[in-house]
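Notes to accompany the following structure.
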Amino acid sequence: MARPLAAPLRHAAALLPSRARHFLSRLLGIRRPDLLLARRLGALLSDRHYLAIGYRLYFGEWPDYDHPSTINEHIHAYMLRCRSPLLHIAADKALTRDHVARTIGPQYLVPMLGLWPDAARVPIESLPRPCVLKPTVGSGQVLFLRAGEPLNLCQTRLTLQRWLDTEYSRMNREWCYDRLRGQVIAEALLSDEHGDVPADYKLYVIGGAVRFIQVDRGRFCHHTRNLYDTDWQLLAARLSLENHAPDPRPDCLAEMIGITLRLAQCFEFLRVDCYVVGGRLYVGELTNYPGAGFERFIPHAFALELGAHWQR
């Protein structure tokens, strides 16, 4: 399906000088050109005004960050006021690994193949495959290196360096990334029994308890999502995406909840991401501000219910 903004942008490009045409051509090459435009236009706004306007455009109402009620308002208010160094631990994947090892043990870590401060030092060609390359600072960037697949070495290094050069704290005003220097990390690629990327279990700790568990499937193809309570009852609620068929209850559910609470103990709010492969539990990442507070809970009453659990 064509991008909805593609045709207007192409028409506009023909009428503008070369520099503007180059910028618009870059917009056509990304998944959400509307978000990039919004970030550029909002660059001069304060964090509070930037988030409030984004909230109004996305949710259709103005937020109240002084007296938050929805989980989305609470996340934004948290982004604006909390300056705890703990947030840097969850925002940096290398620091997260240290926190996991100290708190619950290194057996829960995905095997790491290397960590490099710049793209030029990453031994891309000699890395054991399959593996995953990610920046330690940032969200959503990932490269899969699989055996036998061709690789454009130059393009890959450019991608890695772009990750390291990006100032993620300004993209969605996420303070947790402020002054963090990213590195490139390589980890073993976990696979399920079918050789696919395993289900992603995301546990939300709000007010000192796990309030729901999100299960993502098909994250790199047909992305779907289910929500469960801690007794593994499917909730009559959604989070931005469509549902998939009910997931089997993980045998290690109690362990998953237990380690999540230990990892989140010192945090006001935290999402803990886990995988289960071959009956073994792994911790993937920790997240301070899921979706930068811009994910839609359906129905709206569920966002209010979750917000009521928030404690400062």
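Points to keep in mind about this one:
- For the chain, modelled as a GNM whose springs connect Cα atoms under 10 angstrom apart, the maximal fluctuation among Ala43, Ala94, Ala292 occurs at Ala43.
- Euclidean distance of C-alpha centroids, the range 38-107 and the range 118-182, integer Å: 22 Å
- The modelled label-to-label distance for the pair Arg262/Asp66, using points 7 Å beyond Cα in the direction of Cβ, is 4.3 nm.
- DSSP-assigned coil residues among chymotrypsin sites (Phe, Trp or Tyr not before Pro) in the range 167-221, each with at most 10 further Cβ atoms within 10 Å: Phe220
- Protein heavy-atom surface of the chain, 1.4 angstrom probe: 55% of the accessible area is carbon and sulfur, with nucleic acids and ligands not counted.
- Translational diffusion of the range 230-312 was estimated from the Stokes-Einstein equation, with Rh taken as the Kirkwood radius over Cα pairs; at 4 °C and 1.567 mPa s the coefficient is 88 µm²/s.
- Distance between the modelled labels on Leu115 and Phe220, one decimal in nanometres: 2.3 nm (7 Å Cα→Cβ projection).
- Highest GNM mean-square fluctuation among Val197, Val276, Val215, for the chain modelled with Cα contacts below 10 Å: Val197.
- Among Asn152, Asn72, Asn243, the largest mean-square fluctuation in a Gaussian network model of the chain, built with springs joining Cα atoms closer than 10 Å, belongs to Asn152.
- Label-zone membership for the range 203-224, site Asp196, 7 angstrom Cα→C-beta point, backbone N under 19 Å: 214-224
- With R₀ fixed at 45 Å, the C-beta to C-beta distance from Ala147 to Asp178 puts the FRET efficiency at about 0.70.
- Taking only Cα atoms of the range 234-281, radius of gyration then Dmax in Å: 13.1, 35
- Convex hull of alpha carbon positions in the chain: directionally averaged projected area 17.5 nm².
- Angstrom value of the Kirkwood radius, inverse mean 1/r, which spans all Cα pairs in the range 98-186: 14.3 Å
- Average 1/r across all pairs of distinct alpha carbons in the range 85-130, invert it, and you get the Kirkwood radius: 12.3 Å.
- With protein chains left intact and a 1.4 Å probe, residues in the chain average 52 Å² of accessible area per residue.
- For Asn243, the amide hydrogen comes within under 5 Å of the amide hydrogens of Arg225, counting only partners 5 or more places away or on other chains and with H modelled in the peptide plane.
- A viscosity of 1.567 mPa s and a temperature of 4 °C, combined with the Kirkwood radius over C-alpha pairs in the Stokes-Einstein formula, give the range 136-218 a diffusion coefficient of 82 µm²/s.
The values are calculated or read from the model by the stated rules, or taken from the named source; none is laboratory data. Note that the structure is a prediction, hence the values are computed from the model and not measured. FYI the Cβ positions are ideal-geometry reconstructions off the backbone, even for glycines, and counts take in every protein chain you see. Just the protein is used for accessible areas: all its heavy atoms, side chains included, with ligands, DNA and RNA removed. Shrake-Rupley method; radii C 1.70, N 1.55, O 1.52, S 1.80 Å.
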